[in-house]
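Here the structure is laid out as structure tokens; the discussion comes afterwards.
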Amino acid sequence: MSPGNQASESEAAAPMAACVALEAMRRRVCLSRLAVLTAIAAGPVALGVAIISAPTTAGAAAAAKPTAGRTTAAAADPPGCAQLFVGAWLLSSAGDATSAQARRAQSMAPDVELPGPVAGAQSKPQSVIAVRSAQREGGTWSVTVAAHHADGSVCYYADGAGETGDSFTLGAR
């Protein structure tokens with residue numbers, strides 16, 4: 001072979017190698033685009049599947065019957081009601097029966113008298129917390145409520161609530 005022919009073959013090999021590399025890059029770009037478009041298209045497809053299968057799931061949940069039990073007592077939350085009542089009662093006064101706290105206490109337990117002003121009585125409580133509750137016979141609850149005062153003292157009140165949390169009796173401990 002002549003030296004001129006050898007030079008032309010090596011010159012031709014360099015563009016061929018560049019074409020092969022460019023073709024490989026083009027394939028990678030096409031595959032990447034295909035993967036991204038597939039991921040984007042999967043979102044609406046997944047949403048459609050979820051919408052189609054949702055009524056079946058909701059129907060099965062609606063078909064399940066609730067269990068019988070003490071749902072009214074649990075829904076009324078006697079410890080929470082007792083805590084609200086004792087807090088309103090302690091913040092109210094017989095001298096001001098028109099205050100919001102006095103009206104709340106009277107609406108929750110009309111038979112319980114509001115506390116009257118007493119010399120040397122505890123200050124208004126900083127917090128009121130239900131600390132113990134127990135369900136008794138006949139659907140009534142016994143709830144012990146603690147009132148924390150600014151001077152560090154704690155007073156406990158026993159509150160008997162009806163089954164639905166709508167009637168109260170109160171006794172200090």
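Output the number of residues of the stretch 79-94 satisfying the condition of being within 22 Å of the chain's Cα centre (by Cα) and either part of a loop (DSSP other than H, G, I, E, B) or at pLDDT 85 or above (or both). So the answer is 2. Within the stretch 131-139, is there a residue that is modelled with pLDDT of 80 or more, β-branched (Val, Ile, Thr), closer than 23 Å to Asp77 by Cβ and buried (at least 16 other Cβ atoms within 10 Å of the Cβ)? Taking every residue of the stretch 131-139 in turn, none turns out to be modelled with pLDDT of 80 or more, β-branched (Val, Ile, Thr), closer than 23 Å to Asp77 by Cβ and buried (at least 16 other Cβ atoms within 10 Å of the Cβ). When each of Ala62, Ala121, Ala76, Ala58 is tested for being at pLDDT below 85, aliphatic (A, V, I, L, M) and in contact with a Ser or Thr (Cβ under 9 Å, 6 or more places away or on another chain), the lone residue that passes is Ala76.
The values are calculated or read from the model by the stated rules, or taken from the named source; none is laboratory data. From a predicted model like this one, the values you see are computed outputs, not experimental measurements. With ideal geometry, Cβ positions are generated from the backbone for all residues, glycine too; neighbour counts draw on all protein chains shown.
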